[in-house]
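Beneath this line is the structure, given in structure tokens, with notes to follow.
The values are calculated or read from the model by the stated rules, or taken from the named source; none is laboratory data. Since the structure is predicted, the reported quantities are computational estimates derived from the model, not experimental observations. No Cβ is skipped: glycine too gets one built from the backbone with ideal geometry, and neighbour counts run over all protein chains shown. Remember, those area values only see protein heavy atoms, side chains included, never the ligands or the DNA or RNA. Shrake-Rupley method; radii C 1.70, N 1.55, O 1.52, S 1.80 Å.
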Amino acid sequence: MIDTLIDITLLVFLTITAIAIIKIHNLFVIIMLFGIFSLHSAGLFVVMDAPDVAFTEAAVGAGISTVLMLATLALTKDHHEKKPKHRARLPLLVILITGAALVYGTYDIPSFGDPDSPAHQHVKPRYIERSVEETGVPNVVTAVLASYRGYDTLGELTVIFTAGLGVMLLIGGRLRSRKKNET
Amino acid sequence: MKHNLILRVIVKFLFPVIALFAFYVLFHGDYAPGGGFQAGVILGVAFIFYALIFGLVTTEQVIPPQLLRILASTGILIYISTGIVTMLLGGNFLDYDMLAESPVTGQHIGIMVIELGVGITVSAIMLMIFYAFASRGRS
């Protein structure tokens, strides 16, 4: 009961934030609203008993990306979004159709927490039954991420490393140019 | 914001708390929510917080960008070398059972080491990206 109430409240706030992001044209305010949006999603994840995901969402979505977007905004001269010259009828139509298709798709998804859903049938029972015995780690999420799926996590870490390298290659060239000027 | 006394005092007070929390999240990830990724982000945020108030120049004296590049590569190397060590000990890649006498102890050591690697790389990359953005406006 209380879960449903919290869910409804958070989802209402989420919708209000999303509409506000569309309506407001001040980019600084929009960035702040993005942070609030992430924080609400993190709250929803906590209600869904996924604290690990909520943790990441709060730290990355509400924390780091807000700071990075603010840093980007500091580099721009105008803090206001440009008003579009024409009305976006075709994109609206595309979005409405895609949205309707997605909502139609949700009818096939098993209900939340359904133990008979395919995702809960494959390897999950084994993780839950044997992970403490096999790895000695009470947090199953950590056991799956670091041990059973260690190779996947290595891939994720490589993705983050590559992303950092990409940013360095694109806009991080200051170090080398300064050294060149000195010599 | 260099001359704002209240913010400077608060940063000095909060920085150790945030950093300590990052290490708690890292080493307590076995028992509580969290792990290397979250810990890395929190540690990165601690330094970004410091940089926001004290300026980029001061922060770069504490952690130079060159060091960050080395740290980012070190973390991922720790991860991969853990896998190679387990292969040399006769197991599969990232098969932590080989790391100690009993499989459970081995798993524990393996998970700790790779979480540490993840934490180091993630925090270094986050700070590196922030440096890249923040130092852009200076020149």
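Counting the residues of the stretch A:107-132 that are surrounded by 11 or more Cβ atoms within 10 Å (Cβ to Cβ) and not in a loop (DSSP other than H, G, I, E, B) gives 9. Residue A:136 - would you say it is within 30 Å of residue B:121 (Cα to Cα), within 10 Å of another protein chain (Cβ to nearest Cβ) and in contact with a Ser or Thr (Cβ under 8 Å, 6 or more places away or on another chain)? The answer is yes for residue A:136.
Counting only helices (runs of 4 or more DSSP H) that sit wholly inside the stretch B:1-66, those with at least 2 residues that are within 30 Å of residue A:140 (Cα to Cα) are B:5-27, B:36-54. Checking every residue in the stretch B:63-75 against the condition of being under 16 Å from the mean Cα position of the chain (by Cα), over 30 Å from residue B:4 (Cβ atoms) and crowded, with 22+ Cβ neighbours inside 10 Å gives at least one match.
Selection of first residues in the stretch A:42-55 that are within 12 Å of residue A:7 (Cα to Cα) and more than 10 Å from every other protein chain (Cβ to nearest Cβ) and of second residues that are among the charged types (D, E, K, R) and in a helix (DSSP H, G or I), restricted to Cβ pairs under 8 Å at least 6 apart or on distinct chains, gives the following pairs, ordered by first then second residue: A:42/A:57; A:44/A:7; A:45/A:57; A:47/A:3; A:47/A:7. Determine whether residue A:94 is within 30 Å of residue A:29 (Cβ to Cβ) and part of a helix (DSSP H, G or I). Against the criterion (within 30 Å of residue A:29 (Cβ to Cβ) and part of a helix (DSSP H, G or I)), residue A:94 qualifies.
I'm trying to understand the selection: among the residues of the stretch A:24-38, which are β-branched (Val, Ile, Thr) and in a helix (DSSP H, G or I)? Residues satisfying the conditions are A:29, A:30, A:31, A:36.
Table: residues versus (1) within 12 Å of chain B (Cβ to nearest Cβ); (2) free of Cβ contacts under 8 Å to residues at least 12 places away in the same chain; (3) hydrophobic (A, V, I, L, M, F, W, C).
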residue	(1), (2), (3)
A:9	no, yes, no
A:12	no, yes, yes
A:27	no, no, yes
A:58	yes, no, yes
A:61	yes, no, no
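Just checking, does the stretch B:102-110 include any residue being out of contact with any Phe, Trp or Tyr (no Cβ under 9 Å at 6 or more places or on another chain) and open to solvent by less than 50 Å² (accessible area, probe 1.4 Å)? The answer is yes, given that some residue of the stretch B:102-110 is out of contact with any Phe, Trp or Tyr (no Cβ under 9 Å at 6 or more places or on another chain) and open to solvent by less than 50 Å² (accessible area, probe 1.4 Å).
Checked against the criterion of being within 8 Å of chain A (Cβ to nearest Cβ) and free of Cβ contacts under 8 Å to residues at least 12 places away in the same chain, the candidates B:34, B:29, B:44 yield just one match: B:34.
Screening B:72, B:124 for residues that are within 7 Å of chain A (Cβ to nearest Cβ) and among the small types (Gly, Ala, Ser) leaves exactly one candidate, B:72.
Given the residues A:72, A:66, A:98, which is the only one that is loosely packed, with under 11 Cβ neighbours inside 10 Å and free of Cβ contacts under 8 Å to residues at least 60 places away in the same chain? Checking each option against the conditions leaves just A:98. Here the stretch B:76-121 is the region considered, the condition is being assigned to a helix (DSSP H, G or I), more than 9 Å from chain A (Cβ to nearest Cβ) and among the polar types (S, T, N, Q), and the residue that is farthest from the chain's Cα centre (by Cα) is B:86. Given the criteria within 10 Å of chain A (Cβ to nearest Cβ) and open to solvent by 10 Å² or more (accessible area, probe 1.4 Å), does residue B:54 qualify? The answer is no for residue B:54.
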